[in-house]
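Novice: Before we start, here is the structure in question, set down as structure tokens.
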Amino acid sequence: MLFSPIRAEYAVERAQSNKFSALFGLMLRIFDVSVVVVVGMVAYWLRFDTVSMPMEFQQAIARGVLFTMLSMGTFSMYRSWRGIGAVGEAFKLTGVWTVVFVLGVLYVALLKVQGVTSRLWWGYWFVGTVLASGAGRLICRHAAVWVRERGLDVRTAVVIGSNADAAHIVRTLERQRWAGIEVRGWFSTADGLQPALAGVPHLGDLAALAPYVESQHISQVWIALPVSEQAAIDRIITDLDHSTADIKFVPDLFGLQLLNHSVEQMAGLPVINLRASPLDGEARMVKGLEDRVLGALILVLIAPLLALIAIGVKLSSPGPVLFKQKRHGLDGKTIKVWKFRSMRLHAEHAGQVTQATKRDPRITAFGSFLRRTSLDELPQFINVLQGKMSIVGPRPHAVEHNHHYKVIVQNYMQRHRVKPGITGWAQVNGLRGETDTVDKMSARVEYDLHYMQNWSLLLDLRIIAMTVVKGFIGKAAY
């Protein structure tokens, strides 16, 4: 069977020696140790204005070297980064250095080591080490790209299958030359039953696969077959039992609307996540920290503006300054979202929320200004500090609108796998205000899902910057 204990993984990763990768790894090991020592000494000079370092600090630096060697190896920081994004590596690197320095601090605190209690020195040492180590890896990445673009440190690959997935693999690897993977050709599961793969030579059927991989020293075999061809997949893995080539299985998923798809093991079983929360683990922690820190800072900065708007709302028409509206939050749970009141007091029929339209008589003159500039949304920073919303995320719609659109817009409710946001990718791309057609709502959902599938801290900061520059004013916001 495909999922037998011996063949439980979809990609069999086998270490393959490569002189350039080994060289880069050795250079990074030496560099990291050097950074710990040199930055520790510079930090001491900055803190105490002397280069004469007591033995206690020298011992702390030596322990730092030991913890670095242990932690970097444990967290696989010297493995090849082909296909791994620089931002993802930066987050992981920062996390590993945090572990190194926490170990150092705990050692000093638990054993009550005298003389190494300068918090400023520890701070200088940590920040300097993270920055210097990150810069070194960035330089190493550029060096690796330079080498691979010139045909060195390149791994050879073959593709099995010629469907749309196989063509997508070939195009991607050809376009991303920095990954250093050269496709030599493709194999069919049976002669004459598969269309040709454009631009790539046909190397034969499965009977020719193992001899070719062995004779040409192929590094990687990419299987682009439907899961239904289990017998062929099983045969490929069996035929390559004696090969050291990496085997990568790309299931037929490109045509599906996936959310945070990944491969993991649960209870010892291989599992492909077709849909899962895009912000789990470290990502959720990072985004939560982003929301709390930026939310508190922004609230302090806009406090005078909030007071002025509150006075304007109070003078525009009778009624409260703020109002709360029920919206769906994380996991579809109902939350109350705060806004400045922009309409005159009126009654809605039970279970109905009428969207604001152009020249809506319910909206006050001051309220119209607030809605066009999105200033009515500012109290939602309180929701952010409460943990019910994020600064960036899919805009929350009224509960009644969710009940209406979830049955006519595909994947509509997937927006609620993350916290709703004050601003979002859809809004900074012009999809603000009234969604009076299904097409408008579908477009907004499409942008929201794109954001969720591609989330990063840098994307959040980009959206915030775009909101400040152009996102406050919207022609469709009534």
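Novice: Any residue in segment 213-228 that is over 24 Å from VAL154 (Cβ atoms) and either at pLDDT 90 or above or touching a Phe, Trp or Tyr at 6+ places or on another chain (Cβ under 7 Å) (or both)?
Specialist: no
Novice: To continue, here is another question. For segment 320-345, how many residues are touching a residue at least 60 places away in the same chain (Cβ under 8 Å) and outside any strand (DSSP E or B)?
Specialist: 4
Novice: Quick check on segment 432-473: of everything there that is in a loop (DSSP other than H, G, I, E, B) and farther than 24 Å from LEU294 by Cα, which residue is modelled with the highest pLDDT?
Specialist: The qualifying residue modelled with the highest pLDDT is THR437.
Novice: Turning to a different aspect of this structure: Which numbered condition in (1) part of a loop (DSSP other than H, G, I, E, B); (2) modelled with pLDDT of 85 or more is the only one that GLY295 fails?
Specialist: GLY295 satisfies all of (1) part of a loop (DSSP other than H, G, I, E, B); (2) modelled with pLDDT of 85 or more except (1).
Novice: Also, quick follow-up: For segment 103-208, list the strands (runs of 3 or more DSSP E) that sit wholly inside it and hold at least 1 residues that are modelled with pLDDT under 85; which are they?
Specialist: Where strands (runs of 3 or more DSSP E) fall fully within segment 103-208 and carry at least 1 residues being modelled with pLDDT under 85, they are 155-160, 181-188.
Novice: Test of understanding: among GLY123, GLY95, GLY88, GLY115, which residue is more than 20 Å from SER34 (Cβ to Cβ) and in contact with a Pro (Cβ under 8 Å, 6 or more places away or on another chain)?
Specialist: The match here is GLY115.
Novice: Determine whether GLY281 is among the small types (Gly, Ala, Ser) and modelled with pLDDT under 85.
Specialist: Criteria met by GLY281.
Novice: Take ASN411 and decide whether it is of a type outside the set (Val, Ile, Thr), over 22 Å from SER368 (Cβ atoms) and modelled with pLDDT under 90.
Specialist: yes
Novice: Next question, about the same structure. Could you grab me the full set of residues in segment 193-247 that are among the acidic types (Asp, Glu) and either surrounded by 12 or more Cβ atoms within 10 Å (Cβ to Cβ) or under 19 Å from ASP165 (Cα atoms) (or both)?
Specialist: ASP205, GLU214, GLU229, ASP234, ASP239, ASP246 - these are the residues of segment 193-247 that are among the acidic types (Asp, Glu) and either surrounded by 12 or more Cβ atoms within 10 Å (Cβ to Cβ) or under 19 Å from ASP165 (Cα atoms) (or both).
Novice: Of the numbered conditions (1) touching a helix residue (DSSP H, G or I) at 6+ places or on another chain (Cβ under 9 Å); (2) modelled with pLDDT of 90 or more, ILE311 satisfies every one except a single condition; which is it?
Specialist: Only one criterion is unmet by ILE311, namely (1).
The values are calculated or read from the model by the stated rules, or taken from the named source; none is laboratory data. Since this is a predicted model, take the numbers as computed values, not measurements. FYI the Cβ positions are ideal-geometry reconstructions off the backbone, even for glycines, and counts take in every protein chain you see.
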